[in-house]
1. Are there any pairs with C-beta distances below 9 angstrom linking a residue in the range 38-53 that is in contact (Cβ under 8 Å) with a residue 24 or more places away in the chain to a residue that is open to solvent by 70 Å² or more (accessible area, probe 1.4 Å) and of a type in the set (Ser, Thr, Tyr), with the two at least 6 apart or on different chains, and if so which?
2. Could you tell me which residue of the range 54-80 is nearest to Leu124 (Cα to Cα), considering only residues that are among the aliphatic types (A, V, I, L, M) and either open to solvent by 50 Å² or more (accessible area, probe 1.4 Å) or assigned to a strand (DSSP E or B) (or both)?
3. Within the range 81-95, restricting attention to residues that are open to solvent by 50 Å² or more (accessible area, probe 1.4 Å) and of a type outside the set (A, V, I, L, M), which residue is modelled with the lowest pLDDT?
4. Among the residues that make up the range 140-153, is at least one of them in contact with a His (Cβ under 7 Å, 6 or more places away or on another chain), assigned to a strand (DSSP E or B) and at pLDDT 75 or above?
5. Every residue in the range 113-139 that is at pLDDT 90 or above and loosely packed, with under 12 Cβ neighbours inside 10 Å, please.
Amino acid sequence: MLLEYIGIGGCIGYWKQFSSNGLLSKVDGTEDDNNLLMRPYLKPSVIAFTPPLLKTERMELSIGAEGSCMMNAKFNRTILFLGTPQGDIYKTYRSRAVSWGGNLSLQAKFQHVSLGLGYSLSTLGLDKKISADGSRLDDKLTYGLFVRIAFLF
């Protein structure tokens, strides 16, 4: 049965940026001394698993792929880039309310709990790079490793 390996999910969470390209001066008009952003999000998703690659009495091991839509609280951010060919440059941008993402993971499924380890790629676009001529900010994809604990209903 195909629908046994496809599901709809969702989560409410809180993301935090751990590093910044450039020096952050202000977020929503407020000084931010630690150069990092933190925001709540809501993320509905569609997930698909392979049939079990390894199955024991207590656990099933499979590969999962997930497509998601992350809805964020919007913010305005000003970044100071030092030492560009045009000198020091301040650039301000408004974040997206919605970003798209995908995950690929290895899942260990127990009776009503699933543990996953995987790689994530998103258009959240927190990290910006300044164009060579200093006229615009270009998005960089957000990516990284994740650990997931999911409760299965």
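The values are calculated or read from the model by the stated rules, or taken from the named source; none is laboratory data. Quick caveat: nothing in here was measured; it's all calculated off a predicted structure. Because the Cβ atoms are built from the backbone with ideal geometry, glycine has one as well, and the counts that use them run over all protein chains shown. Please note that ligands, DNA and RNA were not included when accessible areas were found on the heavy atoms of the full protein model with its side chains. Shrake-Rupley method; radii C 1.70, N 1.55, O 1.52, S 1.80 Å.
1. Met38/Tyr14; Arg39/Tyr14; Pro40/Tyr14; Tyr41/Tyr14
2. Looking at the filtered set, the residue picked out is Met70.
3. If we take residues in the range 81-95 being open to solvent by 50 Å² or more (accessible area, probe 1.4 Å) and of a type outside the set (A, V, I, L, M), then Gly83 is modelled with the lowest pLDDT.
4. Within the range 140-153, the first condition is being in contact with a His (Cβ under 7 Å, 6 or more places away or on another chain), and the residues that meet it are 151-152.
With assigned to a strand (DSSP E or B) added as a condition, the list becomes 151.
Applying the additional criterion that residues be at pLDDT 75 or above yields 151.
Yes; the residues of the range 140-153 include at least one that is in contact with a His (Cβ under 7 Å, 6 or more places away or on another chain), assigned to a strand (DSSP E or B) and at pLDDT 75 or above.
5. The answer is Val113, and nothing else.
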